[in-house]
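Here the structure comes first, spelled out in structure tokens, and everything after it is commentary.
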Amino acid sequence: MRYGIMSDIHSNLEAFNACLERIGQVDAYVSPGDIVGYGASPNECCEIISRLAPTTVVGNHDAAVLGNLDLSWFNPSARAAAVCTSQILSDTARLYLSQLQLDLSKSEWSLVHGSLDDPGSFKYITSPWTAKPTFEAMPVGITVCFIGHTHIAEYYAKQSGIEGVDRISMRNGGKIALRDGFSYIINCGSIGQPRDGNPLAGCGIYDSASGIIEFFRVPYDIAETQRKIRDAGLPASLADRLALGI
Ligand code: ZN
């Protein structure tokens, strides 16, 4: 199976369309959540993603716009975006988001927005230390867990029976071959708001037959996305940061 990986779309329609074009033909799609929040096109992004019918989990921003997360945890611009998104979200989009689970595991991988050991707390995996609980929570027989949340393209690798965890940046894209005897936490980066210093949209493809994961960085019309964010009355900082990838 070839899976298109698309995380943290964040209502960025231009980046989403560019990533779908780069991913091309695949057998199925996987999304570690945060379809909405920050950007100006939540309904359009929900419409596309529901049509693609990916395996998706809920992100903290998806939960926030539905009123299922305390907004006091958000910084002011994220909070403003959540309130704005909630006001313009269609009933169809709201219904789609409300059906998403916190985490799930299929035969070939696990999927969670933050951390697999406690999906509802939306913890960030930012180090080998914070990756360990997710490795320990992966079901027996599963060696790949897709995550999002940090908006940083990278992966963590742990050899069976060995304590240490390696962390490898993929901020400029690239390809890895999964090795027998290892488990992996994979973050293909954010489509809609990259924060790893590379403003290009992040996404990927996992080919489970060959064990190859490709990390893509995709150019898109950042100026158009910025214009729509400003026109929607969202905080200007949400537009500005897109050009910097921070
Ligand atoms: Zn996010």
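Only residues that are open to solvent by 20 Å² or more (accessible area, probe 1.4 Å) and among the polar types (S, T, N, Q) were counted in segment 9-54, giving 4.
State whether the residues of segment 116-134 include one that is in contact (Cβ under 8 Å) with a residue 60 or more places away in the chain and in contact with a strand residue (DSSP E or B) (Cβ under 8 Å, 6 or more places away or on another chain).
Just the residues of segment 116-134 that are in contact (Cβ under 8 Å) with a residue 60 or more places away in the chain, to begin with: 119, 122, 125.
So of that shortlist, the ones also in contact with a strand residue (DSSP E or B) (Cβ under 8 Å, 6 or more places away or on another chain) come out as 119, 125.
Looking for residues that are in contact (Cβ under 8 Å) with a residue 60 or more places away in the chain and in contact with a strand residue (DSSP E or B) (Cβ under 8 Å, 6 or more places away or on another chain), one finds at least one in segment 116-134, hence yes.
Consider segment 195-241 and keep the residues that are assigned to a loop (DSSP other than H, G, I, E, B) and charged (D, E, K, R). The one that is nearest to HIS61 (Cα to Cα) is ARG195. If you filter segment 85-115 down to residues that are touching a residue at least 24 places away in the same chain (Cβ under 8 Å) and of a type in the set (D, E, K, R), you find that the one that is most open to solvent (accessible area, probe 1.4 Å) is LYS106.
Applying a threshold of 9 Å to beta carbon distances and a minimum spacing of six or more residues, or different chains, the list of pairs starting in segment 1-22 at a residue that is without any contact (Cβ under 8 Å) to a residue 24 or more places away in the chain and ending at one that is within 16 Å of the ligand (Cβ to nearest atom) and part of a loop (DSSP other than H, G, I, E, B) is empty.
Which of the residues that make up segment 26-62 are within 15 Å of the ligand (Cβ to nearest atom) and among the β-branched types (Val, Ile, Thr)? Listed by number, the residues that qualify are ILE35, VAL36, ILE49, THR56, VAL57, VAL58.
Every residue in segment 69-84 that is closer than 23 Å to ILE48 by Cα and open to solvent by 40 Å² or more (accessible area, probe 1.4 Å), please. Within segment 69-84, VAL83 is the sole residue that qualifies.
Only one entry in LEU102, LEU20 is within 16 Å of the ligand (Cβ to nearest atom) and either of a type outside the set (Ser, Thr, Tyr) or in contact with a Cys (Cβ under 9 Å, 6 or more places away or on another chain) (or both), namely LEU102.
Results for (1) open to solvent by 50 Å² or more (accessible area, probe 1.4 Å); (2) touching a Cys at 6+ places or on another chain (Cβ under 9 Å); (3) over 23 Å from LEU20 (Cα atoms); (4) not in a loop (DSSP other than H, G, I, E, B), shown as yes or no for each residue.
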| site | (1), (2), (3), (4) |
| --- | --- |
| ILE162 | yes, no, yes, no |
| ARG167 | yes, no, yes, yes |
| ASN172 | yes, no, no, no |
| ILE176 | no, no, no, yes |
| ARG179 | yes, no, yes, no |
| ASN187 | no, no, no, yes |
| GLN193 | no, no, no, no |
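Listed here are the residues, each with its yes/no results for (1) open to solvent by 60 Å² or more (accessible area, probe 1.4 Å); (2) under 24 Å from ILE35 (Cβ atoms); (3) more than 16 Å from the ligand (Cβ to nearest atom); (4) not hydroxyl-bearing (Ser, Thr, Tyr).
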site: GLY120; (1), (2), (3), (4): no, yes, no, yes
site: LYS123; (1), (2), (3), (4): yes, yes, no, yes
site: THR126; (1), (2), (3), (4): yes, yes, no, no
site: TRP129; (1), (2), (3), (4): yes, no, yes, yes
site: THR134; (1), (2), (3), (4): no, yes, yes, no
site: THR143; (1), (2), (3), (4): yes, no, yes, no
site: PHE146; (1), (2), (3), (4): no, yes, no, yes
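Of all residues in segment 16-69, those satisfying the criterion of being assigned to a loop (DSSP other than H, G, I, E, B) and under 20 Å from ALA223 (Cβ atoms) are TYR38, GLY39, ALA40, SER41.
The values are calculated or read from the model by the stated rules, or taken from the named source; none is laboratory data. Given the structure is predicted, the values throughout are model-derived calculations rather than measurements. Quick reminder, even Gly has a Cβ in these numbers, built from the backbone with ideal geometry, and neighbours come from all protein chains shown. What goes into the accessible areas is simple: the full protein's heavy atoms, side chains included, and nothing from ligands, DNA or RNA. Shrake-Rupley method; radii C 1.70, N 1.55, O 1.52, S 1.80 Å.
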